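The values are calculated or read from the model by the stated rules, or taken from the named source; none is laboratory data. Note that this is a predicted model, so its numbers are computed, not measured. Every residue, glycine among them, receives a Cβ derived from its backbone with ideal geometry; neighbour counts consider all protein chains shown.
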Amino acid sequence: MTENLMTARVFPWREGVAQGPQKPLTLTDRAYAMIRDQIVSRTLEPGAAFTEADLAGILGMSKTPVREALLRLQVEGFVRAIPRRGHVVAPIQISEIRDIFAFRSLIEGEAAALAARDAKPDFIDEMSDLIAADQSGDGANPDPARIANMILVNNAFHETVALAAGNRRLHRTAVQLIREFERFYYLEARLPEFYDADFVGHQAVLDAIRGGDPEVARGVMDAHIESSRRVLLKAITEGTLSAPTRAIWI
């Protein structure tokens, strides 16, 4: 494993990737992680209203770290502040989904093209190991622990493609998009029946990168992202969301 891969990775997914003593989380970091997890897992649904005091009580913290965490989540687009009323989990509209996926195609398509041209063997091996660790095909109705594993492995695979591209700014942008996509991936992962035979998966992306043709790799990554968009829209419009919740998402 290259030193660059170990030190730059944002989504360490197995023992030994992040080595050495870990910096303890601050109260703000803990509050951020806990609130964000509730939003991603839809414990806090899109459109749900709450106050700093509500969350402080639930998390067993003072309002200060909760307030600071909510500021970070506002910047990332997960929550919105409502003057004199508190906060609301940001709803997600179909137009936003379209924009996010279009931007992912631009950024991650370029990452795949660069990786096909320049990827070192360590990165190729890492992608292969991540595919082997993926539990998304292990049957219907995955439990929360398996969904968490699926999200982490998916995040790590896409980050590894960005790392293999060898461009730090592209990597930072890709990670930002990967984080934003977690809300969508959680919904997809709960409904594996919407993955059809035409879905272009990570193995196809790896094969294209390994093939060494940048434009082929770009096209396969685009097809993978389009497959994901198609599954997400099916999950929203045909899945098990309640009618009020579906209306918020759409």
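L152 fails exactly one of the following numbered conditions: (1) closer than 30 Å to E52 by Cβ; (2) buried (at least 18 other Cβ atoms within 10 Å of the Cβ); (3) not acidic (D, E). What is the number of that condition? So the condition that L152 fails would be (2).
For the stretch 177-210, the tally of residues that are touching a residue at least 60 places away in the same chain (Cβ under 8 Å) and not hydrophobic (A, V, I, L, M, F, W, C) stands at 8.
The set of residues in the stretch 201-222 that are surrounded by fewer than 19 Cβ atoms within 10 Å (Cβ to Cβ) and of a type in the set (A, V, I, L, M) comprises A204, V216. Taking the criterion of being in a helix (DSSP H, G or I), modelled with pLDDT under 90 and among the hydroxyl-bearing types (S, T, Y), the residues of the stretch 208-246 that qualify are T237, T245. Across the stretch 83-94, the qualifying residues are those that are over 24 Å from R172 (Cα atoms) and not in a strand (DSSP E or B), and the one among them that is farthest from the chain's Cα centre (by Cα) is R84.
Residue pairs whose Cβ atoms lie under 7 Å apart, separated by 6 or more positions or on different chains, with the first residue in the stretch 113-128 and in contact (Cβ under 8 Å) with a residue 12 or more places away in the chain and the second of a type in the set (K, R), are A113/R218; I124/R210. Within the stretch 63-82, restricting attention to residues that are touching a Leu at 6+ places or on another chain (Cβ under 8 Å) and not in a helix (DSSP H, G or I), the residue that is nearest to R42 (Cα to Cα) is V79. Consider L170 carefully, then state whether it is surrounded by fewer than 21 Cβ atoms within 10 Å (Cβ to Cβ), closer than 18 Å to S41 by Cα and at pLDDT 90 or above. Answer is no for this residue. When the stretch 1-51 is limited to residues that are of a type in the set (D, E) and assigned to a helix (DSSP H, G or I), the one that is modelled with the lowest pLDDT turns out to be E3.
Scoring V75 on the criteria (1) surrounded by 17 or more Cβ atoms within 10 Å (Cβ to Cβ); (2) within 21 Å of the chain's Cα centre (by Cα); (3) within 20 Å of L27 (Cα to Cα) leaves a single failure, condition (1).
Every residue, every condition in (1) surrounded by 14 or more Cβ atoms within 10 Å (Cβ to Cβ); (2) at positive phi; (3) of a type in the set (A, V, I, L, M); (4) not in a helix (DSSP H, G or I), yes or no:
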position	(1), (2), (3), (4)
A53	no, no, yes, no
R98	no, no, no, no
F101	yes, no, no, no
E110	yes, no, no, no
R117	yes, no, no, no
M127	yes, no, yes, no
Q135	yes, no, no, yes
A148	yes, no, yes, no
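Of all residues in the stretch 192-207 being small (G, A, S) and assigned to a loop (DSSP other than H, G, I, E, B), which is modelled with the lowest pLDDT? Among them, the one singled out is A197.
May I ask you to verify whether P91 is within 30 Å of I225 (Cα to Cα) and touching a Gly at 6+ places or on another chain (Cβ under 8 Å)? Judged against the criteria, P91 is a match. In the stretch 73-99, the residues that are within 20 Å of A33 (Cα to Cα) reach residues that are surrounded by 11 or more Cβ atoms within 10 Å (Cβ to Cβ) and among the polar types (S, T, N, Q) with C-beta atoms within less than 9 angstrom, at least six apart or across chains, in these pairs: E76/Q176; R80/Q74; A81/Q74; G86/T51; H87/T51; H87/Q74; V89/Q38; A90/Q74.
Residue pairs whose Cβ atoms lie under 6 Å apart, sitting 6 or more positions apart in sequence or on different chains, and linking a residue in the stretch 147-176 that is within 15 Å of L114 (Cβ to Cβ) to a partner that is surrounded by fewer than 23 Cβ atoms within 10 Å (Cβ to Cβ) and not hydrophobic (A, V, I, L, M, F, W, C), are A162/H171; L163/H171; G166/D118.
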